[in-house]
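Below is one structure; the comments refer to it alone.
The values are calculated or read from the model by the stated rules, or taken from the named source; none is laboratory data. Worth saying up front: this structure is predicted, and the values here are computed from it rather than measured. Backbone-built Cβ (ideal geometry, glycine too); neighbour counts: all protein chains shown.
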């Protein structure tokens, strides 16, 4: 029975690599195996599916997706970038620093990597190239800023990890703030280093442009670009951290706030509502179809005693908790080259989570490590998804090689932060291995 469980796991992974739809591959192979091998499978499956449907935390997923897509349609990103660029305009690399800060704010507002990378690529890359930025620095800045949505709350990744690991999403959000801020500061320091050591890599904005910007309604521009979005972020995260609202309730606040901001930007139309609602339904359906498929797989895998077999094998190998953690992190990093983060969360995490629990490891810490690891795999050449997103919207003169070279220094920064959180969990206020 245990060998059948392992064969099922490998069959699903290989089939996904061949390009078959993830949700139907997970559910289809698991249902066939369950009917043939697992006693009472068809009696247990509806109960398991209803357990997922009753999970109110997962309601936060469509609400956060709606919030992010509505903010994207509001044109807020372009306003924020233009305003921030002028504020930092006198500094070499000021425009790139603006991209990082706006990327972080968009990450805190949307939590969707693809949307953030594409939005920042369309808005900022042509501007940076027009201002004679080194394409390698420009592309690296954009793809790394876009991946911040994986770790900076309210992140959909953290919501899904909280559900799978059965830990508080609020605790994950609180623990993710520090590594997220460390990444933002590290990116900015690297940009400043390149700007001041490599001549012409990141020139400052001409003085006359800054003066022209500052002479007209500066207060109104700053209020529109930063104060209102910051109020939205504070309302969402503050209500969770202060215990006023659950993540699901805070997501509803965020969705309403995004509508209000879009109205304030005079971009709220019936077409926008239709487009955002359609995209939200599409993305939510995809996530939940994969979740139901993964739930079916988890039921069959446990019915075949696959989890007990893996647990016995790990404990029998006499691996230390840290050694097992390193092996899992390497496996997840490699898997991130080939399959999406949603699939990793729903396929890999449920298999290894019980083992982490039996080894007395803090599951909130594990959730942060998974989020950082998945964020890192988004940037890793040659298969990083963020690199593909940017290449899809980059001007023809920007080559794939330049995007890869631009990502590498930021990838190194992320690996350092991941290792820091792994070996020094007290940095984020957690105890790691108990």
- Query: Does any residue of the range 309-326 turn out to be crowded, with 17+ Cβ neighbours inside 10 Å, touching a strand residue (DSSP E or B) at 6+ places or on another chain (Cβ under 9 Å) and within 30 Å of residue 389 (Cβ to Cβ)?
  - Reply: yes
Residue 380: passes all of (1) outside any helix (DSSP H, G or I); (2) farther than 25 Å from residue 283 by Cβ but (2)
Taking the range 139-171 and keeping only residues that are within 30 Å of residue 295 (Cβ to Cβ) and more than 13 Å from the chain's Cα centre (by Cα), one is left with 162, 163, 164, 165, 166, 167, 168, 169, 170, 171
Going through (1) more than 20 Å from the chain's Cα centre (by Cα); (2) more than 30 Å from residue 423 (Cβ to Cβ) one by one, residue 254 fails only at (1)
In the set 256, 231, 283, the lone residue that is out of contact with any strand residue (DSSP E or B) (no Cβ under 8 Å at 6 or more places or on another chain) and more than 16 Å from residue 68 (Cβ to Cβ) is 231
Within the range 409-434, restricting to residues that are in contact (Cβ under 8 Å) with a residue 12 or more places away in the chain and outside any helix (DSSP H, G or I), the one that is farthest from residue 355 (Cα to Cα) is 429
For the range 262-278, the count of residues that are in a helix (DSSP H, G or I) and at pLDDT 85 or above equals 11
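Report yes if residue 199 is in a helix (DSSP H, G or I) and surrounded by fewer than 24 Cβ atoms within 10 Å (Cβ to Cβ), otherwise no.
It is false that residue 199 is in a helix (DSSP H, G or I) and surrounded by fewer than 24 Cβ atoms within 10 Å (Cβ to Cβ).
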In the range 9-27, anything free of Cβ contacts under 8 Å to residues at least 40 places away in the same chain and part of a helix (DSSP H, G or I) is listed as 10, 11, 14, 15
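Among the listed residues 319, 310, 299, identify the single one that is more than 30 Å from residue 233 (Cα to Cα) and assigned to a loop (DSSP other than H, G, I, E, B).
Working: 310 fails: assigned to a loop (DSSP other than H, G, I, E, B); 299 fails: assigned to a loop (DSSP other than H, G, I, E, B).
After applying the criteria, what remains is 319.
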### Query
In this structure, does residue 281 turn out to be surrounded by 12 or more Cβ atoms within 10 Å (Cβ to Cβ), in a helix (DSSP H, G or I) and at negative phi?
yes
Checked 27, 104, 96 against criteria (closer than 24 Å to residue 153 by Cα and at pLDDT 85 or above); the one match is 96
When the range 29-41 is checked residue by residue, the ones that are without any contact (Cβ under 8 Å) to a residue 12 or more places away in the chain and surrounded by 11 or more Cβ atoms within 10 Å (Cβ to Cβ) are 32, 35
Scanning the range 386-403 residue by residue, those buried (at least 21 other Cβ atoms within 10 Å of the Cβ) and assigned to a helix (DSSP H, G or I) turn out to be 386, 387, 389, 390, 403
The condition from (1) buried (at least 22 other Cβ atoms within 10 Å of the Cβ); (2) part of a loop (DSSP other than H, G, I, E, B) that residue 406 misses is numbered (2)
In the range 235-248, residues that are part of a helix (DSSP H, G or I) and either modelled with pLDDT under 80 or buried (at least 16 other Cβ atoms within 10 Å of the Cβ) (or both) total 8
